[in-house]
Amino acid sequence: METYGYNNPESSQNQNFNRNQGNYRSEKKLAAGLLGILLSPFAANKFYLGYMQEGIIQIVLNICTCGIASVIPFVEGILYLTMSDEQFDRTYVQNKKGWF
C-alpha cells in the first residue's frame, strides 16, 4: 500500500512491526526540518508540508516585521528535528497541526 511520504503508524500491521523493531522512519521530517532552518524567511517548511495558508501568513509576517518573524520557522525546524519520527508524522502529517 502506498503511504505517500510517511509510514502510517495507525495501521495495526505496521504499528506492531515498527514498535517491535524500533525502526519507524518519517519521510518528511528531515526535509521539513532543514527547510525550516535554512529557508525560514520563505516559510518553505510550511509549503513542503502542504500548509499553504500558514505559509502565506508566515511570508506576510516576514514582510511586515522586516524578517524578524522568520524566527518562527527556524524554531519549528529545530522542533521537527528533535521530535521522534512517529510523533512528527502524527502531529504534522496526519493531524495537520499548522503551528508549533
Item to check | Filter result (of a type in the set (S, T, N, Q) and surrounded by 15 or more Cβ atoms within 10 Å (Cβ to Cβ)) within segment 50-86 | outcome: Gln58, Asn62, Ser70
Next on the checklist: Given the criteria under 11 Å from the mean Cα position of the chain (by Cα) and of a type outside the set (Phe, Trp, Tyr), does Leu39 qualify?
Outcome noted: no
Next on the checklist: If Leu30 meets every condition in (1) in contact with a helix residue (DSSP H, G or I) (Cβ under 8 Å, 6 or more places away or on another chain); (2) surrounded by 15 or more Cβ atoms within 10 Å (Cβ to Cβ); (3) hydrophobic (A, V, I, L, M, F, W, C) apart from one, which number is that one?
Outcome noted: (2)
Checklist entry - Does Gln15 count as more than 14 Å from Phe88 (Cβ to Cβ), modelled with pLDDT under 55 and either of a type outside the set (Gly, Ala, Ser) or part of a helix (DSSP H, G or I) (or both)? => result yes
Checklist outcome for this item: Of the residues in segment 88-100, those that are surrounded by fewer than 15 Cβ atoms within 10 Å (Cβ to Cβ) and part of a helix (DSSP H, G or I) come to Gln94
Item to check | Subset of segment 45-58 (residues that are in contact with a helix residue (DSSP H, G or I) (Cβ under 7 Å, 6 or more places away or on another chain) and farther than 12 Å from Tyr80 by Cβ) | outcome: Phe47, Glu54, Gly55, Gln58
Checklist entry - Taking segment 25-61, which residues are without any contact (Cβ under 8 Å) to a residue 40 or more places away in the chain, in contact with a Ser or Thr (Cβ under 9 Å, 6 or more places away or on another chain) and more than 15 Å from Phe74 (Cβ to Cβ)? => result Glu27
Checklist entry - Among the residues of segment 28-64, which ones are part of a helix (DSSP H, G or I) and of a type in the set (Lys, Arg)? => result Lys29, Lys46
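The values are calculated or read from the model by the stated rules, or taken from the named source; none is laboratory data. All values derive from a computational prediction rather than experimental measurement. Because the Cβ atoms are built from the backbone with ideal geometry, glycine has one as well, and the counts that use them run over all protein chains shown.
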